[in-house]
Amino acid sequence: MSMKLPRLLVTASPHLKGPASTAKIMWHVTWSLLPVWGVAIWWYGPSAFLVVVAATAGCLLPERLFGKRGSLNDGSCVITGILLGLTLPPGIPLWMAFVGGFFSIAFGKLVFGGLGQNAFNPALLGRAFLQASFPVALTTWPAGGGEWWRLRGDNFALPLMRGDPADTVTEATPLALMKWDRESEAAQALGVDDLVFGMTGGSVGEGAAIVILLCGGYLALRNFLNWRIPASIFLSVAVFSGLLHLIDADRFASPQFMLFSGGLMLGAVYMATDMVTSPVTNRACWIFGFGIGFLTIVIRTWGGLPEGVMYAILLMNALVPFLNRWTQPRVFGTGRKKGAPA
Amino acid sequence: MSDPTRSETLFRGVWRENPVMIHMLGLCPALAVTNTVMNSIAMGMATLFVLTGSSLLVSTFKRFIPHEVRITTYILIIATFVTIVDMSLAAWTPGLHKALGAYIALIVVNCMILGRQEAYASKQSVGRALLDALGTGFGFIIALVMMGAVREILGSGSFLGVSLFGDNFEPWLVMVLPPGGFLALGFWLLGLNWWTQRRERRAAEGAA
Amino acid sequence: MSETVATPPEIPTRPEVPAWKLVLTLGIAGALAGLLLVFVDQATREQIAENRRKAVREAVGEVLGGPAKVVSFAVGADALVREAEPNYEVDTVALNRVFAGYADEEGKQLLGFALAYQRTGFQDAIRVIFGYDPRTKKVLGVKVLEHKETPGLGDAIEKEPFLGPIRGQVVDLVPVKPGDGTGTEHEVDTITGATISSQWVVWIINEAVAKAGPRIDAWLAQAEGGR
């Protein structure tokens, strides 16, 4: 009853105004995604370009129809669209990418009240919806490289129709190889530098880990993302997979492999650090990232799917309000103990 | 308060006080078995039968049912009708019985049915209770079919088993799975509330 | 004291109803409900049983590849008991009855036996009926009678791409991941995305053969010895 609320200090003007605004941050993040997208286009050809464009279009439409006036300009929709596009397989029919984008914004963001109100990362929610709806299309990974102009799948399948599988040359992702096909030649030949610099099978934007890391480093330097989140994710992934690897190197993949394979880089740098759905206190950020890393390893190692970053982040998103509450810093001058005399 | 007319009693439950879309009652079957239109209709009809039969009996015998054991008695009556439906479906439409599975037995605990007994049939004349039960039951069928239509069209690409989009249709698997029930319900509630609010706003603007 | 406490507003009390009256009401209602249900049960019982038998009869024909003649055997404590008329009343928990299918009307060329057995799946029992040739220990055909596995994933166990390749395999079956097999006649490829459900189907077949197999073998030895 007698708990003191921290007071907000309000002074008379003039105020110092920071240069950052929502729109500015969002557009910066958008620009920083372009190199990642560029690498994807270089590797997967026009398919990578089209999938991201379709997902972004799917995001913009509901924001334009149902969103607040002017909310298109803050750039958050474009980020969601590009991020969603980057998590999809390049050969996916474009209408699916569009539906995913529409779901992301309409049901992942607008139903909660727009930017800043949503509990879950909209791009990942859209991807989770697509994964639950079209499991086959979402796990058909076309091979990269080769003739640049070639489409990597039946991108132009008619709306509501399934793509023609004959158009797709598939390639197992490193994680799938590790989970189901460890003895195969492809899995043996896979080195970590392939994962860091080279291109492996997977979704549009999970290719070159190094590019994602560099872009994320830039954002962290500009303070547009909290570096503690990716740092704690990498740390916990390294620790847990390292422990497992030490216990049984034959059964569990090495920490380097776990760090640089699949969507971990993209997820840790761009998805987990989403300002709306990540915690506000630094301590909570450490816990948040730690949880994501741990869940990712658990899902990858014992789960039914080869990749678990998406579900790990969504699960931890759900915990963010609680993490925020537990880690409220003590207000200077207030009691250390609950119920101590003021 | 003036007494509602007979047609008001009948039509109230169909739309304006629709059990699923407005009262949010009977959600368990509405979420669980609406993956096809046919299942929705069958579940709706079974519920309509149970509701009508129970309301009829409850309003007929309301004077003989002591207050203290009324809920027990209602449940007993409802359970009897549910068992009748269960056996009849198993005998004459084994396919549907298989599709609806345990959810037929679960009509017993459909709060919409018990709610109508407690709130209406136990206080009104037999005729009124019958009208109310029919209206509410049809409202339930309509709501279930609305959900079933969305889920079957997207989830299986068909309506009442008739294929709509041809062989190449890519089914939205999630819609026939349990989460699809929640998505379809949320979608309809969103749409209906948006529509109602817009209409009210228009009416207010028109009056001003 | 009493002045400071405001008397609560009078709640209208109902007249006390004697307990015997409550019991009587419930008793009468229960009796009437019971009576009604007896009539409905009378009217539907035969039809429900008939539906079950029909489903089993069709399935037996299917998994044995269209036999000309079917003989049912009650599974006794230590031997099979031949029944005069084919009886399709099957208890898949107890495995109380097996069926022999013959290619000819006289019952000379044995096609194999049909066994129906079940186990608990993710939601509810998975009931499987399959044909089995006791001489070669080969599975002849498999049909899932009933299951409530996840639509779109687990329900692949009732489909041909999974069930087809089991035909011709030899009991004991061994579930293997697709591609992991070494090509022996015991292996059955599980379904990616429904690994557990498909392992259960394999388990059901193995277990049913383990339970009824010795008695079938004994009957076979006797039948062939007596000829």
Taking region B:27-40 and keeping residues of a type in the set (A, V, I, L, M, F, W, C) and under 11 Å from residue B:100 (Cβ atoms) leaves B:32, B:33, B:38
Within region C:98-115, residues open to solvent by 10 Å² or more (accessible area, probe 1.4 Å) and in contact with a helix residue (DSSP H, G or I) (Cβ under 9 Å, 6 or more places away or on another chain) come out as C:110
Here the qualifying pairs (Cβ atoms under 9 Å; residues six or more apart or on different chains; first in region B:186-204 and away from chain A (no Cβ under 12 Å) and at pLDDT 90 or above; second open to solvent by 80 Å² or more (accessible area, probe 1.4 Å) and not in a helix (DSSP H, G or I)) come out as B:192/B:22
Of those in region C:158-167 that are open to solvent by less than 70 Å² (accessible area, probe 1.4 Å) and touching a strand residue (DSSP E or B) at 6+ places or on another chain (Cβ under 6 Å), the residue farthest from residue B:94 (Cα to Cα) is C:166
Scanning region B:65-91 residue by residue, the ones that are open to solvent by 30 Å² or more (accessible area, probe 1.4 Å) and at the interface with another protein chain (Cβ under 7 Å from one of its Cβ atoms) total 7
Scanning region C:10-19 for residues that are more than 9 Å from chain B (Cβ to nearest Cβ) and open to solvent by 90 Å² or more (accessible area, probe 1.4 Å) gives C:10, C:11, C:12, C:13, C:15, C:16
| task | Could you please let me know if residue C:174 is open to solvent by 50 Å² or more (accessible area, probe 1.4 Å) and farther than 30 Å from residue B:173 by Cα? | result | yes
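Residues are listed down the side, and each one gets a yes or a no for (1) within 14 Å of chain B (Cβ to nearest Cβ); (2) at pLDDT below 75; (3) farther than 17 Å from residue A:86 by Cα; (4) over 21 Å from the mean Cα position of the chain (by Cα):
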| position | (1), (2), (3), (4) |
| --- | --- |
| A:128 | yes, no, no, no |
| A:138 | yes, no, no, no |
| A:149 | no, no, yes, yes |
| A:154 | yes, no, yes, yes |
| A:157 | yes, no, yes, yes |
| A:164 | yes, yes, yes, yes |
| A:168 | no, yes, yes, yes |
Residue A:286 vs (1) farther than 21 Å from residue A:328 by Cβ; (2) buried (at least 18 other Cβ atoms within 10 Å of the Cβ): all pass except (1)
**OP:** Test residue B:63 against the stated conditions and say whether it is out of contact with any helix residue (DSSP H, G or I) (no Cβ under 9 Å at 6 or more places or on another chain) and farther than 16 Å from residue B:136 by Cα.
**Re:** yes
Within region C:116-148, restricting to residues that are open to solvent by 10 Å² or more (accessible area, probe 1.4 Å) and among the hydrophobic types (A, V, I, L, M, F, W, C), the one that is farthest from residue C:201 (Cα to Cα) is C:140
Looking at region A:107-116, can you tell me whether even one residue there is away from every other protein chain (no Cβ under 14 Å), at pLDDT 75 or above, in a helix (DSSP H, G or I) and open to solvent by less than 20 Å² (accessible area, probe 1.4 Å)? no
- Task: Answer yes or no: is there a residue in region B:129-147 that is modelled with pLDDT of 90 or more and closer than 20 Å to residue A:107 by Cα.
- Result: yes
Those residues of region B:137-163 which are within 9 Å of chain A (Cβ to nearest Cβ) and open to solvent by 10 Å² or more (accessible area, probe 1.4 Å) amount to B:154
If you go through C:107, C:112, C:131, C:121, the only one that is small (Gly, Ala, Ser) and touching a His at 6+ places or on another chain (Cβ under 7 Å) is C:121
Taking region C:20-69 and keeping residues open to solvent by 30 Å² or more (accessible area, probe 1.4 Å), more than 9 Å from chain B (Cβ to nearest Cβ) and under 23 Å from the mean Cα position of the chain (by Cα) leaves C:53, C:57, C:58, C:62, C:65, C:66, C:69
Checked against (1) under 16 Å from the mean Cα position of the chain (by Cα); (2) away from every other protein chain (no Cβ under 14 Å); (3) open to solvent by less than 30 Å² (accessible area, probe 1.4 Å), residue A:119 satisfies every condition except (3)
The condition from (1) open to solvent by 50 Å² or more (accessible area, probe 1.4 Å); (2) in a loop (DSSP other than H, G, I, E, B) that residue B:57 misses is numbered (2)
Pairs returned, first residue in region C:107-118 that is part of a strand (DSSP E or B), second residue that is open to solvent by 10 Å² or more (accessible area, probe 1.4 Å) and among the acidic types (Asp, Glu), beta-carbon separation under 6 angstrom, 6 or more apart or interchain, are C:112/C:133
The condition of being touching a Phe, Trp or Tyr at 6+ places or on another chain (Cβ under 9 Å) and without any contact (Cβ under 8 Å) to a residue 60 or more places away in the chain holds, among C:133, C:124, only for C:133
Of the residues in region C:188-200, those that are out of contact with any Ser or Thr (no Cβ under 9 Å at 6 or more places or on another chain), open to solvent by less than 70 Å² (accessible area, probe 1.4 Å) and either of a type in the set (S, T, N, Q) or in a helix (DSSP H, G or I) (or both) number 1
Scanning region A:279-305 for residues that are more than 16 Å from the chain's Cα centre (by Cα) and either among the hydroxyl-bearing types (Ser, Thr, Tyr) or within 14 Å of another protein chain (Cβ to nearest Cβ) (or both) gives A:281, A:301, A:302, A:303, A:304, A:305
For region B:102-118 the number of residues that are free of Cβ contacts under 8 Å to residues at least 60 places away in the same chain and either in contact with a Ser or Thr (Cβ under 7 Å, 6 or more places away or on another chain) or within 11 Å of chain C (Cβ to nearest Cβ) (or both) is 1
Note: among B:114, B:100, just one is out of contact with any Leu (no Cβ under 6 Å at 6 or more places or on another chain) and open to solvent by 10 Å² or more (accessible area, probe 1.4 Å), namely B:114
Counted residues in region B:1-24 being acidic (Asp, Glu) and assigned to a loop (DSSP other than H, G, I, E, B) come to 2
Note on residue B:192: of the conditions (1) open to solvent by 80 Å² or more (accessible area, probe 1.4 Å); (2) farther than 27 Å from residue A:164 by Cβ, unmet is (1)
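The values are calculated or read from the model by the stated rules, or taken from the named source; none is laboratory data. As the structure is a prediction and not an experimental result, all values here were calculated from the model. We place every Cβ from the backbone using ideal geometry, glycine too, and count neighbours over all the protein chains shown. When the accessible area is computed, the model is the full protein with side chains, heavy atoms only, and any ligands, DNA or RNA have been set aside. Shrake-Rupley method; radii C 1.70, N 1.55, O 1.52, S 1.80 Å.
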